[in-house]
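I have placed the structure first, in the form of structure tokens, so that the comments after it can refer back to it.
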Amino acid sequence: MNLRLKVLLLAVAPLLLAIAAIASVVRIEARALADAETQAVLPVLESSRRAELKHYVDLALGAIEHLHGMEDQAVARSQALTILRQLDYGEDGYFFVYDQRGRNLMHPRQPQLVGQDLWELRDNSGTPTIQRLVVQAKQGGGYVEFMWNRPSTERTESKLGYVQLEPHWGWVIGTGIYLDDMAEARLRIDNAASRAISATMVIITVITGTAILIVAVCGFALNLSTQRSAEARMRALAHQVVLSQETERARVARELHDGVSQLLVSVKFLFESVQERVGSLGGEGRDVLIELTGKGVTRLHDVLREVRRISHDLRPTALDDLGLKAALAQMLNEFGQRTGLAVQLKAEDSPSLPGPVATALFRVVQEALTNIERHARASEVNLTLMSRPHALRLTIADNGRGFDLEALIAQPRSGLGLTSMRERIETLGGIFVMRASEAGTSIEIVLPASALRN
């Protein structure tokens, strides 16, 4: 795991832990709040339902009170039952009427019970139903919880009823609500709380994702900025190293040219003087001395030529004295003479280039010619140098066998020369493009106008 990934994890991990802890606390507190809300609301809801039931029964008693004064009480009771039968409030909201002996006088949802004696009616647990209603009504009215068939579902469910005694006729009048409505209310509260908790978790997740994305983007931007800064420093350092190398090359070239070369020339003159004097002498060893001094002069001449070549390679005087075009022409001419390859230079007169730019281009061409000589097996080399107001373009092409560029780049030790050429150009802000195929190899270099200013 690299350092950047470790830093990113160190930044994200505490954030994830903190948000996870916050999410857990929010979930726990939200659930506790929902439970507290349920505990607070249900008693109020139950009290409201109880008051509502009592109010319904009071309304029912008031609806039939005007019938008490009729002369024909049988007709009055019949009309009263008709009125109570019509007083319903919803599918499962209705009134029922019993006499004090448990006989059903009116039931709008179960008419088959009318007239039946239900005094002994009991639920599944054996608890008497009608008896409890009658007793509660005689005691002044009140609430009774009992099991009864629900019309809308045809199931026996728990029901909370309120009964009161009608004093004029002695009827037990009541109504009720099924308690699963209370359970549904609790379920609605729980569902609402669950939805709120889920929505909160979604919001926290979105905030978490956004925060992680922001951290990742900021980390990436920081890494990119750091990388670019490091690359800029590396390019500057590489440029400084190249300048130092060129300075040292120039110094060594001057030492070779002005020091070692002059000493070798002096030694060569001495050998030539000895050779002339030996030629004027006689004796048995004369021919041997002439041969030896001739060999010495030849060897010194070879050494002197090699020193000059090394000096020229280290820092060509033509580059400093005559400019890039003349230096390239001299290098190509020497390359053609040494290798026997056909060389062609097409160069336009370019403005005076900064020393680092001219040196970089010269070194790239030098490295390219070395590679062509060693590996390309080419018969022809073309070099083009064109200058425009906005850029300078240099192209080197050969008709050699080419090579696998990707495979070469994959082997760092084999591609040091190419890497060095690329870094020289990119350090100056230029573009280095290399193409290789069976038809040959080409290198194209483009330097912007900003790199050509002194």
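We did not get these values from a lab; they are worked out from the coordinates using the rules stated. Model, not experiment: these values are computed from the prediction. Because the Cβ atoms are built from the backbone with ideal geometry, glycine has one as well, and the counts that use them run over all protein chains shown.
A straight Cα-to-Cα reach below 29 Å connects residue 295 with the lysines 268, residues fewer than 8 places away in its own chain not being considered.
Modelled spin-label separation between residue 75 and residue 267, with each label point placed 7 Å from Cα along the Cα-to-Cβ direction: 15.8 nm. Model label points for residue 135 and residue 41, set 7 angstrom from Cα along the Cα-to-Cβ axis, are 3.6 nm apart. Applying the Karplus relation 6.51 cos²θ - 1.76 cosθ + 1.60 with θ = phi - 60° to the stretch 42-50 yields 3J(HN,Hα) values of 4, x, 5, 5, 5, 4, 5, 5, 4 Hz, where x marks Gly and Pro.
Partner lysines whose Cα lies under 27 Å from the Cα of residue 138, excluding those fewer than 8 positions away in the same chain, are identified as 54, 159. Listed values for the stretch 352-364 are Karplus-derived 3J(HN,Hα) couplings in whole Hz (6.51 cos²θ - 1.76 cosθ + 1.60, θ = phi - 60°), namely 4, 9, x, x, x, 5, 4, 5, 4, 5, 4, 5, 5, and x replaces Gly and Pro. For residue 346, the lysines whose Cα falls under 29 Å of its own Cα, not counting residues fewer than eight places away in the same chain, are 325. Taking a sphere under 11 Å around the Cβ of residue 146 and counting the other residues whose Cβ falls inside, with K and R at +1 and D and E at -1, yields a net charge of 0.
The listed peptides 382-391, 199-208, ordered by packing as a protection proxy, come out as 382-391, 199-208 (highest mean of other Cβ atoms within 10 Å first).
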